[in-house]
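Quick notes on the structure that follows.
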Amino acid sequence: MSKPSALKRLNHYRIHKTRQLRNFIQLAWYRAAYERKRPRLPISELPQCHSIGLMMLGTGIGDAIVVSGFISALRHAGRAVHCICCPKTAQILEGMIANDGIHILPEKPSRAEVLALQLDFDVVMLIADPDKHIGRDIRVLTAIKHRYAVGFNHKDLRFFDLSIPRDEQGCHWMDRLKDGAQHLGVTIDDYRYELHFSPECLKEVDALVADLGSDFVLFNPVASDKFRTLSPAVVRSTIDYLTQNCKQRLVVFNVTDPELVAAYPQVVFSPFAQLDRCLALVGRCACLITVDTSFVHAGRFFDVPQIAIYNNRLSFGRYDNNVQWGPGYAKALQVFSLDHDHTETGDDLRNLPFEVLKQAMEQYPALH
């Protein structure tokens with residue numbers, strides 16, 4: 001892949017430096033106006049704290065499934081866990097992940113919007129590394145009443161009573177969460193995701209499975225961002241391969257092209273619009289093929305065989321996302337893009353040759 005032009009590199013540098021300056025000014029103001037007034041308490045009392053406010057503003061659906069194990073472990077240890085999130089994440093927290101309260105904010109909340117929620121916790125924990133959204137995160141943090149603020153890898157300790165140092169190279173995100181729980185006085189020996197589905201949801205899924213039969217393949221070629229979405233040509237080739245070489249019925253999510261749908265009357269396209277129905281269906285399939293980590297992590301929860309397609313992106317610009325947010329269990333086979341651009345966006349999966357996916361499907365026992 002060609003390198004960015006000098007003009008593009010200069011523009012990226014300008015954006016980066018402008019953001020740094022803006023965050024520096026914002027944080028100086030938040031420190032002077034709000035944080036310096038907060039009393040600092042002995043950190044030794046942190047494990048005795050009861051209420052935890054978990055900041056999840058940048059957390060996606062798949063991320064929330066991984067975090068569900070952390071929330072579950074804390075609640076089973078007697079802690080009350082409240083989730084501060086955006087509307088997108090709230091749809092999985094409401095009903096599917098047990099918690100003690102959901103507090104919804106827009107993607108870029110004002111201080112007044114946070115204050116209006118009147119939040120008050122023993123501990124506020126920010127589980128993400130400091131990044132370009134640090135100004136937003138500190139604005140939210142300083143608008144929440146709290147005894148302790150806990151974060152990870154923050155060199156700027158003006159706002160944090162504890163910043164847990166983590167080198168995430170070669171680590172799954174659950175390792176960070178287990179470490180965070182340990183500092184809160186909770187040991188997690190067996191980290192397990194926890195999802196719940198309503199009787200109405202399961203009834204609809206059961207009805208579809210009764211029609212499909214118990215042996216079907218679920219294919220999801222579309223992710224929340226374009227760089228992790230397969231090309232139309234690869235989608236068509238994959239459907240061709242599965243319908244011609246596998247005995248199982250095929251269900252395809254998130255493909256709405258009328259021409260493509262009409263070409264495969266034997267395939268079930270997007271049977272559900274609701275997130276809980278889609279995730280519950282993952283637990284009934286014989287094999288899952290997906291680019292989206294929401295389905296990847298649901299696959300781990302249900303322990304189903306899957307082929308998970310990853311694009312070599314760098315989480316926080318430096319951690320190997322293939323590992324940090326990988327499926328992480330024996331029944332999952334990971335397939336990787338070929339470009340290895342080493343960027344936060346990752347390779348463009350629309351450039352992935354079908355032969356890479358075909359080779360994985362040919363060798364995967366659950367498809368034959």
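Once the Cα atoms are used to define both axes, helix 61-76 deviates from the longest principal axis of the chain by about 60 degrees.
Summing +1 for each Lys or Arg and -1 for each Asp or Glu among the other residues whose beta-carbon sits under 12 angstrom from that of Leu260 gives -2.
Put Asp189, Asp320 in order of accessible area, highest first, and with a 1.4 Å probe you get Asp189, Asp320. What do you get for the angle between helix 173-183 and the principal long axis of the chain? Use alpha-carbon atoms, 0 to 90 degrees, nearest ten. Between helix and principal axis, roughly 30 degrees.
What the Cβ-Cβ distance of Phe197 and Glu355 gives, at R0 = 41 Å and to the nearest 0.05, is a FRET efficiency of 0.65. Once Rh for region 17-152 is found with the Kirkwood sum over Cα pairs, what is the Stokes-Einstein diffusion coefficient at 10 °C and 1.306 mPa s, in µm²/s? Answer from the Stokes-Einstein relation: 102 µm²/s. Solvent-accessible surface of the chain, taken per residue with a 1.4 Å probe and all protein chains present: 46 Å². Put simply, the convex hull of the Cα atoms in region 162-264 casts, on average, a shadow of 11.3 nm². Estimated from helices alone, the mean residue ellipticity of the chain at 222 nm is -11500 deg cm²/dmol (sum of -39500 (n - 2.57) over DSSP H runs with n ≥ 4, per residue).
If the segment from Cys171 to Gln334 were pulled out straight at 0.36 nm per residue, it would be longer than the present Cα-Cα gap by 57.1 nm. For the chain, DSSP calls about 5 percent of its internal beta bridges antiparallel.
So what is the relative contact order for the chain, in percent, with contacts set as C-alpha pairs under 8 Å and at least six apart?
Answer for the chain is 15 percent.
At q = 0.09 Å⁻¹, what log₁₀ I(q)/I(0) does the chain have when each alpha carbon counts as one equal point scatterer in the Debye sum? Evaluating at q = 0.09 Å⁻¹ gives log10 I(q)/I(0) of -0.57. Legend: residues His196, His103, sorted from most to least accessible area (1.4 Å probe; ligands, DNA and RNA excluded), read His196, His103. Only protein atoms count toward the accessible area here, which uses a 1.4 Å probe; on the chain, the carbon and sulfur part of that area reaches 54 percent. Computed with every protein chain present, the accessible area of Tyr34 is close to 70 Å² [probe 1.4 Å]. Around Gly346, under 15 Å between beta carbons, what's the net of Lys plus Arg minus Asp minus Glu among the other residues? Every neighbour counted, the sum reads -3. Relative to the longest principal axis of the Cα atoms of the chain, helix 6-33 runs at roughly 40 degrees. Placing dummy labels 7 Å off each Cα toward the beta-carbon, the span from Leu7 to Arg22 is 2.3 nm. For the set Leu157, Leu105, Leu208, the ranking by accessible area, highest first and with no ligand, DNA or RNA atoms included, is Leu157, Leu208, Leu105 under a 1.4 Å probe.
The values are calculated or read from the model by the stated rules, or taken from the named source; none is laboratory data. This one's a predicted model, so the numbers in the text were calculated from it and none came from an experiment. With ideal geometry, Cβ positions are generated from the backbone for all residues, glycine too; neighbour counts draw on all protein chains shown. Accessible surface areas use protein heavy atoms only, side chains included; no ligands, DNA or RNA. Shrake-Rupley method; radii C 1.70, N 1.55, O 1.52, S 1.80 Å.
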